[in-house]
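One structure is given here, and the rest of the page talks about it.
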Amino acid sequence: MSIRYLSEYKLFKIDTLRTSYIISITDTEGFIAHVYYGKLISDDDTNYLLRTYDNHWLPSELPQERLNFMNMFPFEFCGDNTGDFRENSIEIEDCNGNNAVLFTYDGYEIIKNGFNRNHEDLMPSLYNKSETLVIYASDKVLGIKLKLYYSIFDDNDAIVRSAEIVNTSDAPIYLNKMYSVCIDMENYDYDMISLHGNWGRERKIERYRIPAGEHRISSTRGRSSHQANPFVAILDSNADQNRGDVYGFNLVYSGNFTAVSEITQFGELRYSMGINPHNFRYHLDVNESFSAPEVVLVYSDCGIGGMSRTYHDLYRKHLINPDFVFKKRPLLINNWEATYFDFDDEKILSIARKAKSIGLDMIVMDDGWFGTRNDPNTSLGDWFVNENKIKCGLPELVRRINDIGLDFGLWFEPEMVSPVSMLNSMHPDWAIKIEGREPALERNQLVLDLSNPEVREYIFNSIKNIISSCNIKYIKWDMNRQLTDLGSSYLDKEHIGELSHRFVMGVYEIQGRLLKEFPYLFIENCSSGGARFDPAMLYYSPQIWASDDTDAIERLSIQEGTALCYPLSTISCHVSVSPNEVVGRCTPMYTRSKVASFGTFGCELDITKLNDIELAELKEHIEDYKNISDLVLSGDYYRISSYNDNQTHDSWMIISKDKQKAVFTLVQVAARHNNRELKIRLKGLNPDYLYKISSPLYKEDILLHGNVLMNAGLVIPYARKDFLTREFILNAVKC
Ligand code: DGJ
């Protein structure tokens, strides 16, 4: 693990345990070039790799063909309007209205112990970096400085990149675009994986050959979105879960983003990622700076699974709040699907009593407890309890719930205001809208203008007052509409183009302040289901509600897609009622529970309506989950099969780091060929360990070695009717 400057070659070499990233500076003019990213290589011969050495367009030798050079040079960060016609990384409008920028090298610094933004910084950032390379560059005409950051970790193969611009010129500028990453790679006929969907269908895996020209994945919705996730993998066309080169890119940001692949005229691949330039125009005064969010790059030569495990380890050790990340999560019941808006204190208490009897730890009171809210049409912003529903008052309700033996959690949607609300009548100018234009509604609500410090203060104090009034351990922070009509009564015309970014920063500020004020507070983020599932949200909340679609079979692909880069413990998964509220499918309790055991387990149904047999079964599954929750928190995840691919079954494993314990779950969705027995090859075990395998499928435990299980396979007999989903617990008995 090291970052070095090899002065004889003018090369920077960033080595993690298994990967190398190489950057070079050209002799003349000091262009900053991408040379290599991939499997670890030795220092020898690396200067030979710089693409310019075999071409004859070098401007120093052929100034009359400068354009040809600019248009093929592998820039680490691409300027604008100076001859590179590929996707640029930055757009600057200077005080004369000109739009040209080109950065050349000024120097570097290698920061030992890494560049770690401190917690006062709002922009979420990976922590405990071991070393950071900062490359200093500037546009010599504008006099504007650029810093490119590359950080590594002493226990992980990821490389984190970001960029910062400082207006060191003597006049204000507009920053109209600012990406975090540009990387000019060779193109070995790569595929791409990206995650797409819509409400209830988040993060479905799409895999395809990277098309010629530009291919853009983005959000302009003010949140990272249901429709696309800020994660992309570029991979060998024959790479699979276990084999092949895979490059992952994950942007640590929760707002509008863009990820662009571009296969150039020469068949090379430029890959760029950062804040979406759409409706983005940042005014930078003299000496002001702008920092782009971080992008986490992971290279794996062990296929998609290797990449996923690297991301999971990284986010657990360097992103998520260390106070919570490995701690047992509260097994909660949420009343949303049980009651929607139709509940009162007695109903909440009756659910809580049953929840206690089946071994749950917490009840979360969802939407509808405040203002006069009995449907989605009113009261957002009026954060005081509705005493028509919670007749005993909130502190008393919480006290009674604590007396039952449960913790209490509460739902908020802090970023929003209902047109029909006290808040809106008092401060109609606090909503995002453009004067003279009727703002579009979604779920009959408007978005608050978080660029305005008064609004942020109001939100913070509203939540703080409620939390201080009673024993609230957890909040579910929801966000149910997208941003449009970007107007603000707070930002003037020079700054209005900053609104969507300032909105996101406002969310970070409030969540950060709450955690500072209440360090024990557990935040679960949520956005119309899983529309804001991104690393930046994970920085503030150790888990995120993955989707409003709680149907176990639908959840298979949602959870598989989410786990491509996000740790299992961050994926909130609940057992809900059958038939399912979204798709109407009937699914056995066993399947619903084991699919919910993929991530952080909870319940989301009216358990007061379950009969004793159903309750007893659910209780058993909750006990089972307690037995594997350590694996979900810290184990290694292996995807064994995908229903998406095979259309019959889905299966996965989670294995403890010491390989002593594992869980293997199989969900049979459609009929097998002739209903024959299945033989499934497991992964990630110690080949020499003897494992005791327990499952309701076997009359008694069986003993098999890791090497047999991984090479020959585990035999799954067909069990008529009874068989749909099975969990297998593996414990090493002898090493
Ligand atoms: C959307 C969330 O995803 C649901 O879980 C629930 O909290 C509703 N909002 C409440 O309005």
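The values are calculated or read from the model by the stated rules, or taken from the named source; none is laboratory data. Every value quoted in this text rests on a predicted model; they were computed, and no experiment measured them. All Cβ positions, glycine included, derive from the backbone under ideal geometry; neighbour counts span all protein chains shown.
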Item to check | Residue in region 670-678 that is modelled with pLDDT of 95 or more and not hydrophobic (A, V, I, L, M, F, W, C) present | outcome: no
Checklist outcome for this item: For Tyr638, the lone unmet condition from (1) under 22 Å from the mean Cα position of the chain (by Cα); (2) surrounded by fewer than 19 Cβ atoms within 10 Å (Cβ to Cβ) is (2)
Checklist entry - If Arg456 passes every condition in (1) of a type in the set (Lys, Arg); (2) in a loop (DSSP other than H, G, I, E, B); (3) surrounded by 19 or more Cβ atoms within 10 Å (Cβ to Cβ) but one, which one does it miss? => result (2)
Next on the checklist: Among the residues that make up region 643-653, is at least one of them of a type outside the set (Gly, Ala, Ser), touching a residue at least 40 places away in the same chain (Cβ under 8 Å), away from the ligand (no atom under 16 Å from the Cβ) and part of a loop (DSSP other than H, G, I, E, B)?
Outcome noted: no
Next on the checklist: Here is a list: Tyr643, Tyr625, Tyr539. Which entry is surrounded by fewer than 19 Cβ atoms within 10 Å (Cβ to Cβ) and among the hydroxyl-bearing types (Ser, Thr, Tyr)?
Outcome noted: Tyr643
Item to check | Candidates Ile92, Ile41, Ile110, filtered to the one that is within 30 Å of Cys302 (Cβ to Cβ), in a strand (DSSP E or B) and not acidic (Asp, Glu) | outcome: Ile110
Checklist entry - Of all the residues that make up region 232-249, how many are in contact with a helix residue (DSSP H, G or I) (Cβ under 6 Å, 6 or more places away or on another chain) and either surrounded by fewer than 23 Cβ atoms within 10 Å (Cβ to Cβ) or polar (S, T, N, Q) (or both)? => result 5
Item to check | Thr591 away from the ligand (no atom under 16 Å from the Cβ), in contact with a Ser or Thr (Cβ under 6 Å, 6 or more places away or on another chain) and in contact (Cβ under 8 Å) with a residue 24 or more places away in the chain | outcome: yes
Checklist entry - Mind checking whether some residue in region 114-127 is surrounded by 21 or more Cβ atoms within 10 Å (Cβ to Cβ) and either of a type in the set (Asp, Glu) or more than 31 Å from the chain's Cα centre (by Cα) (or both)? => result no
Next on the checklist: Can you tell me which residue is surrounded by the fewest Cβ atoms within 10 Å (Cβ to Cβ) among those in region 369-411 that are more than 14 Å from the ligand (Cβ to nearest atom) and in a strand (DSSP E or B)?
Outcome noted: Asp407
Checklist entry - Which fully enclosed helices (runs of 4 or more DSSP H) of region 303-368 have 1 or more residues being at pLDDT 95 or above and more than 16 Å from the ligand (Cβ to nearest atom)? => result 303-318, 345-357
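Using the structure shown, decide if Thr550 is more than 30 Å from Asn461 (Cβ to Cβ), among the polar types (S, T, N, Q) and modelled with pLDDT of 95 or more.
Criteria met by Thr550.
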Checklist outcome for this item: Within region 500-540, restricting to residues that are among the acidic types (Asp, Glu) and within 14 Å of the chain's Cα centre (by Cα), the one that is farthest from the ligand (Cβ to nearest atom) is Asp534
Next on the checklist: Quick check on this structure: which one of Asn198, Asn229 is in contact (Cβ under 8 Å) with a residue 24 or more places away in the chain, surrounded by fewer than 23 Cβ atoms within 10 Å (Cβ to Cβ) and not basic (Lys, Arg)?
Outcome noted: Asn198
Checklist entry - What strands (runs of 3 or more DSSP E), lying completely within region 139-234, carry at least 3 residues that are under 30 Å from Ile558 (Cβ atoms) and more than 25 Å from the chain's Cα centre (by Cα)? => result none
Item to check | In region 459-483, residue surrounded by the fewest Cβ atoms within 10 Å (Cβ to Cβ) [restricted to those that are under 18 Å from Ile333 (Cβ atoms) and of a type in the set (Lys, Arg)] | outcome: Lys473
Checklist entry - Is it true that some residue in region 423-435 is surrounded by fewer than 17 Cβ atoms within 10 Å (Cβ to Cβ), assigned to a loop (DSSP other than H, G, I, E, B), touching a Lys or Arg at 6+ places or on another chain (Cβ under 8 Å) and touching a residue at least 40 places away in the same chain (Cβ under 8 Å)? => result no
Next on the checklist: Name the residue that is farthest from Leu486 (Cα to Cα), counting only residues in region 421-455 that are within 16 Å of the ligand (Cβ to nearest atom) and in contact with a Ser or Thr (Cβ under 7 Å, 6 or more places away or on another chain).
Outcome noted: Ser421
Checklist entry - With respect to Ile496, is the statement that it is in contact with a Pro (Cβ under 7 Å, 6 or more places away or on another chain), modelled with pLDDT of 95 or more and away from the ligand (no atom under 16 Å from the Cβ) true? => result no
Checklist entry - Looking at Gly274, is it in a strand (DSSP E or B), within 30 Å of Asn711 (Cα to Cα), out of contact with any Lys or Arg (no Cβ under 7 Å at 6 or more places or on another chain) and not aliphatic (A, V, I, L, M)? => result no
Checklist entry - Hey, among Ser237, Ser218, which residue is out of contact with any Asp or Glu (no Cβ under 7 Å at 6 or more places or on another chain) and more than 19 Å from Arg502 (Cβ to Cβ)? => result Ser218
Item to check | The one condition in (1) surrounded by fewer than 22 Cβ atoms within 10 Å (Cβ to Cβ); (2) within 17 Å of Gly222 (Cα to Cα); (3) within 16 Å of the ligand (Cβ to nearest atom); (4) not basic (Lys, Arg) that Glu554 fails to fulfil | outcome: (2)
